[in-house]
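Working notes, beginning with the structure itself.
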Amino acid sequence: MSPLPQEVRYRFTVLGPPGFTSGGTRLDLGSPQQQAVLMLLLANAGSFVRTGELIDGLWGERAPVTGEAVIRTYISRLRRLLSLQGLGSAIISRSGGYQLDPDSFEVDAVEFARLIESARQAHTVET
């Protein structure tokens, strides 16, 4: 008999509407633009993302002059949200950008990819 799966304390959902659950409770991630910044960080979790890349991802050629300040504001708000849940160090600042620590949480897309690979391996063993 296999052990029961352990409940995931922190989980981001990117397959479908962006979401974040902490201990089973879904939390508000803020404005769509703020959510987009988080999704860009999640897409590159574990890698350094330059502020310019976040600006390009959010506005493209139509970036406002205040784009860098707006990104800092969104990061600050996201940090506050995550900090209230015990993930205060999940977003790391480095000169010129940010990095999201992927060891602090689960992401549904990563779990989905693992399940697909597991099913492929099981199918290969059966055939």
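Listing for the model above:
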{"quantity": "The range 101-122, residues that are part of a helix (DSSP H, G or I), touching a residue at least 40 places away in the same chain (Cβ under 8 Å) and in contact with a Lys or Arg (Cβ under 9 Å, 6 or more places away or on another chain)", "calculated": "D108"}
{"quantity": "V49 being modelled with pLDDT under 90 and surrounded by 11 or more Cβ atoms within 10 Å (Cβ to Cβ)", "calculated": "no"}
{"quantity": "Test: A69 is aliphatic (A, V, I, L, M), within 17 Å of Y98 (Cβ to Cβ), surrounded by fewer than 18 Cβ atoms within 10 Å (Cβ to Cβ) and modelled with pLDDT of 95 or more", "calculated": "yes"}
{"quantity": "Pairs with Cβ under 7 Å, 6+ apart, first in the range 39-53 and farther than 13 Å from P102 by Cβ, second aliphatic (A, V, I, L, M)", "calculated": "M39/V14; L40/V49; L40/L54; T51/I71"}
{"quantity": "Condition check for I92: of a type in the set (A, V, I, L, M, F, W, C), in contact with a Ser or Thr (Cβ under 7 Å, 6 or more places away or on another chain) and outside any loop (DSSP other than H, G, I, E, B)", "calculated": "no"}
{"quantity": "Residue satisfying all of: in the range 93-108; surrounded by fewer than 13 Cβ atoms within 10 Å (Cβ to Cβ) and of a type outside the set (S, T, N, Q); nearest to I55 (Cα to Cα) among these", "calculated": "G96"}
{"quantity": "From the options Y74, Y98, residue that is touching a helix residue (DSSP H, G or I) at 6+ places or on another chain (Cβ under 8 Å), of a type in the set (S, T, Y) and in a strand (DSSP E or B)", "calculated": "Y98"}
{"quantity": "Tally, over the range 69-88, of residues that are touching a Ser or Thr at 6+ places or on another chain (Cβ under 9 Å) and over 20 Å from A43 (Cβ atoms)", "calculated": "4"}
{"quantity": "Candidates L82, L42, L38 - the one that is crowded, with 16+ Cβ neighbours inside 10 Å and in contact with a Gly (Cβ under 7 Å, 6 or more places away or on another chain)", "calculated": "L82"}
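The values are calculated or read from the model by the stated rules, or taken from the named source; none is laboratory data. Being a predicted model, the structure only gives us computed values, none of them experimental. Cβ coordinates were reconstructed from backbone atoms using ideal geometry, including for glycine residues, and neighbour counts include every protein chain displayed.
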